[in-house]
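The values are calculated or read from the model by the stated rules, or taken from the named source; none is laboratory data. These numbers come from a predicted model, not from an experiment. Please note: Cβ atoms are built from the backbone with ideal geometry, for glycine as well, and neighbour counts cover all protein chains shown. Ligands, DNA and RNA are excluded from the accessible area calculation, which covers all protein heavy atoms including side chains. Shrake-Rupley method; radii C 1.70, N 1.55, O 1.52, S 1.80 Å.
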Amino acid sequence: MQGAVQDTINVLGKSKYVIAFTGAGISVASGIPPFRGENGIWNKYKEKLFDINYFINHTQETWDMLCDGFYETTLKATPNAAHIAIAKLEESGLLKSVVTQNIDNLHTKAGNKNVCELHGNAQRLICMKDNSKYSITDFDLQVAPRCKLCNEILKPDFVFFGEMLPEYDLQMSIKECSICDVMLVIGSTGTVYPAASLPFEAKKHKATIIEINPSPSTFTNNITDIFIPLKATEAMTEIIKHFNL
Ligand SMILES: [Zn+2]
């Protein structure tokens, strides 16, 4: 274990372009439940409420669910030690960007500037007709909010089942994967596609893959060069200590 952390520090010290790829595991310590597993979101909420076609036909039902705890948990969460460590790495110039599967806005809250949000951001709403974007704080959410320009129903600006990934963020992520020489994979189990294909993309371009996950994932035996079997908060705290951040 110590060996893997030391190896990571050595690799980062020699790197030219480091990016981070993060998944739900990094936000668990901020109180955001993962999607799957015992305390997962899919045990509490029906998956169909996040299906785009179901949402179009049962909008208020989805909004009721979002207001019944989902938003409260997501919007009130604060960055944990791992998010803060990643922000410090970017500020120091060592890390160039973050590609995240999370919709919780915690990388931005922690201070990261270059964040590709593969699945959108729960802090925003989007008009399904003209793509106008709003902050969630602009509305009283008890009633399904409507666009101030065209009166169409607004949708949370994160990716529902049946929707494509946001094109700009996806293209930026693919570009980052093609130019990075080190990728830190943190808290992602590699089960949600197409996002999970991005570490493979980085590996294809010869990046060193450093994985931080408490247990092995689908990446571990396929593409991971250095595996750190720790929680994100523990591993990242240890790593940035060595760079005096
Ligand atoms: Zn509109």
Notebook entry, point to check: Taking the condition more than 25 Å from Ser197 (Cβ to Cβ) and more than 16 Å from the ligand (Cβ to nearest atom), does Glu72 pass?
Noted result: yes
Check: Looking at (1) without any contact (Cβ under 8 Å) to a residue 40 or more places away in the chain; (2) in contact with a helix residue (DSSP H, G or I) (Cβ under 6 Å, 6 or more places away or on another chain); (3) over 27 Å from Ile239 (Cβ atoms), which is the one condition that is false for Ile84?
Finding: (3)
Note to self: Could you go through the stretch 100-109 and let me know if any residue there is within 14 Å of the ligand (Cβ to nearest atom), of a type outside the set (A, V, I, L, M, F, W, C) and either in a strand (DSSP E or B) or more than 19 Å from the chain's Cα centre (by Cα) (or both).
What the structure shows: no
Margin query: Show the residue pairs meeting these rules: Cβ distance below 6 Å; 6+ apart or different chains; first residue within the stretch 214-240 and free of Cβ contacts under 8 Å to residues at least 12 places away in the same chain; second residue buried (at least 16 other Cβ atoms within 10 Å of the Cβ).
Written below: Thr220/Phe227
Next item on the list: Could you please give the count of residues in the stretch 1-29 that are outside any helix (DSSP H, G or I) and open to solvent by 40 Å² or more (accessible area, probe 1.4 Å)?
Entry: 3
Note to self: Against the condition touching an Asp or Glu at 6+ places or on another chain (Cβ under 9 Å), away from the ligand (no atom under 16 Å from the Cβ) and more than 15 Å from Tyr71 (Cα to Cα), how does Ile174 come out, does it pass?
What the structure shows: yes
Checklist line | Single residue of the stretch 191-226 satisfying the filter (touching a helix residue (DSSP H, G or I) at 6+ places or on another chain (Cβ under 6 Å) and not in a helix (DSSP H, G or I)) that is surrounded by the fewest Cβ atoms within 10 Å (Cβ to Cβ) | finding: His205
Check: Got a sec? Which of Leu106, Leu89, Leu95 is crowded, with 21+ Cβ neighbours inside 10 Å, within 28 Å of Ala144 (Cα to Cα) and touching a residue at least 40 places away in the same chain (Cβ under 8 Å)?
Finding: Leu106
Margin query: Can you report the number of residues in the stretch 110-157 which are within 13 Å of the chain's Cα centre (by Cα) and either near the ligand (Cβ under 10 Å from one of its atoms) or open to solvent by 70 Å² or more (accessible area, probe 1.4 Å) (or both)?
Written below: 1
Checklist line | Residues satisfying the stated conditions in the stretch 158-179, i.e. part of a strand (DSSP E or B) and surrounded by fewer than 18 Cβ atoms within 10 Å (Cβ to Cβ) | finding: Phe161
Check: What single numbered condition from (1) assigned to a loop (DSSP other than H, G, I, E, B); (2) of a type outside the set (Val, Ile, Thr); (3) in contact (Cβ under 8 Å) with a residue 40 or more places away in the chain fails to hold for Pro34?
Finding: (3)
